[in-house]
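Below you'll find the structure, written out as structure tokens, and then a few comments.
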Amino acid sequence: MQLDSYLNNNGIDQLKPTPRRKRVSSLSLSDQWAGSSGLGLSTYSEDAEKMKSIPIKPNCSFTSPLTKMKKDIIDHPRVASYAFAFDIDGVLVRGPETIPQAPEAIRYLNGENPYNIKVPYIFVTNGGGKAESVRAEDLTKRLECEVNCDQVVQGHTPMKDLSSKFKNVLVVGGVGEVCRKIAIDYGYENVYTPLDIINWDPSVTPYYTLTEEDKEHCIKNVDFSKISFDAILVFADSRNWAADEQIILELLMSKNGVMGTISDNFEDGPPIYFAHSDFVWSTNYKLVRYGMGALQVSIAALFREHTGKEMKVIRFGKPQRGTWKFADKVLKEWRRDVLDDHVSEIKSSSTELFSKASDSVFLTDSEGEDDAHKDDDDEDDGLLTIQGLSKLNIGKSQITTNDKVDPITNANISKLGNINAKTGLLDTVDEYGVGEADNLPPPSTVYFVGDTPESDIRFANSHDESWFSILVKTGVYQEDTIPKYMPKKTVENVLDAVKFAVEREHEKELAEWNASAV
């Protein structure tokens with residue numbers, strides 16, 4: 001008979017992933033935004049690139065067809081409607097080593113692929129014990145591209161939102177004072193560690209004596225018999241299980257979180273939060289190592305043995321619902337940032353393009369007169385015209401013109417709108433910014449790549465039907481075994497995962513594109 005794990009008492013396996021209420025387009029996020037704004041980014045970005053090297057003269061046609069044509073491949077620069085989320089350990093790195101395919105996988109998502117598509121991505125790891133900015137710097141070096149701290153969700157990152165709730169907290173785990181500093185950065189007022197308590201009264205942990213290095217990290221002159229702890233936050237893996245467990249258990253069984261007291265019913269202690277519940281994790285050693293989940297099981301077993309009651313715990317990290325909600329929020333914000341950057345690049349191209357157009361506008365009549373009046377009988381005589389520019393669909397709405405072709409001159413350029421002195425753009429372009437795209441459509445698919453079925457795959461499968469789980473063989477998962485939680489796709493490594501998803505999404509995008517093309 002198989003015993004139920006203490007770590008499975010959270011009801012996650014009973015959750016049903018949220019279904020999609022309505023269909024989400026597979027067209028790129030930037031093309032969807034361009035369509036809603038009347039700005040033909042997909043066409044315009046291509047033309048802008050071509051026009052950079054072309055000197056604009058009064059006889060140069062400035063038209064661009066915006067009608068969607070059927071394609072065999074979509075390869076204009078754009079931002080994907082889908083997104084990625086990655087576990088880190090076992091997927092991108094393994095201990096101190098970077099998994100060889102990881103840098104290429106990230107470059108692929110950054111646009112170095114046959115489809116010129118940028119795919120937004122974030123990192124969701126149960127790891128911690130370092131600031132998100134430090135994790136981002138490490139990933140930047142390992143993956144050979146810039147990673148922003150706003151892309152990183154660690155096990156303890158969602159605990160930012162608790163900082164206004166608790167005044168005195170015990171932060172457990174990590175090296176030295178690193179986790180204390182992280183908690184302070186999160187906004188916690190009074191942050192203490194087990195070392196502080198041991199320094200206050202060494203008899204708390206009779207089998208462990210502080211080293212001189214430990215003492216350097218201690219807050220001194222604090223009487224913990226007068227401090228009421230509001231919460232215990234296990235931020236990272238314990239470096240001293242025996243000492244940390246002794247202190248945690250005493251507080252859990254205390255009266256109102258005060259050291260040296262004991263509750264009559266063992267229900268007066270502070271709540272305890274764990275950054276994650278990974279029972280094991282992979283390093284560069286050939287076998288997995290015990291993680292924070294194992295510490296949790298150990299503390300729970302001792303608590304039950306001592307009190308006869310089950311330990312109540314609040315869990316973050318994968319596969320918990322709270323972490324999924326937090327990651328979903330982070331991904332939404334990052335997708336908006338990626339779209340913002342993309343549109344800024346387009347606007348930068350348009351600035352150069354309009355700058356060249358302005359140069360031609362102010363040519364003297366003698367400089368352009370001969371070229372401007374030849375082939376008068378042609379329906380489209382190649383002039384740089386109001387009508388030509390209007391075909392670019394720049395701005396909030398289509399610029400309407402009559403049948404008469406009006407050459408651009410000082411007198412009639414105002415028909416296009418005012419040129420912004422600061423940006424060099426037409427105001428009709430500039431005033432419709434990404435700010436109006438804050439309410440982005442949800443991702444068509446979120447591909448989550450992980451190496452641990454019990455946390456990663458379970459996480460991706462439990463909360464939203466649009467999340468697609470991919471299991472890689474470079475971490476905890478052992479080939480030729482049957483995962484307890486089945487992924488939707490299993491591949492060798494992270495690069496295979498990325499290429500599979502990009503190809504799959506391009507097929508969907510192409511089908512939708514051609515369905516409305518001529």
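Any read-out appearing in this document is the output of simple, stated calculations on the displayed coordinates, not a laboratory observation. Computed from a predicted structure; not experimentally measured. So basically every Cβ, Gly included, is an ideal-geometry build from the backbone, and we count neighbours across all protein chains shown.
If amide H atoms are built 1.01 Å from N in the plane of the peptide, which residues on other chains or at least 5 residues away come under 5 Å of the amide H of residue 447?
83, 84, 85, 468
So which GluC sites (Glu not before Pro) in the stretch 441-485 end up in coil per DSSP with only 16 or fewer other C-beta atoms within 10 Å?
The qualifying sites are 465, 479.
Which peptide among 482-494, 99-111 comes first, and what is the full order, when sorted by highest mean count of other Cβ atoms within 10 Å?
By packing density, highest mean first, the sequence is 99-111, 482-494.
What is the packing order of peptides 259-265, 117-123, taking the mean over residues of other C-beta atoms within 10 Å and listing the highest first?
Averaged packing, sorted descending, gives the order 117-123, 259-265.
All other residues with a Cβ under 12 Å from the Cβ of residue 133 taken together, and with Lys, Arg as +1 and Asp, Glu as -1, what is their net charge?
-2
From the cross-link list 118/499; 160/332; 118/508; 16/160, which pairs have alpha carbons spaced over 20 Å apart?
Over 20 Å apart, Cα to Cα: 16/160.
Counting pairs of alpha carbon atoms under 8 Å apart in space and at least six apart in sequence, what relative contact order in percent does the stretch 157-316 give?
Dividing the mean separation by the residue count of the stretch 157-316 yields 19 percent.
Quick one: net charge around residue 232, please, counting Lys, Arg +1 and Asp, Glu -1 for every other residue with C-beta under 12 Å from its C-beta.
With Lys, Arg at +1 and Asp, Glu at -1, the neighbours total -3.
Taking the Cβ of residue 270 as the center, what net charge do the other residues with Cβ under 14 Å away carry, scoring Lys and Arg +1 and Asp and Glu -1?
0
What is the spin-label model distance, in nm, from residue 508 to residue 70 if the labels are put 7 Å beyond Cα along the C-beta direction?
2.4 nm
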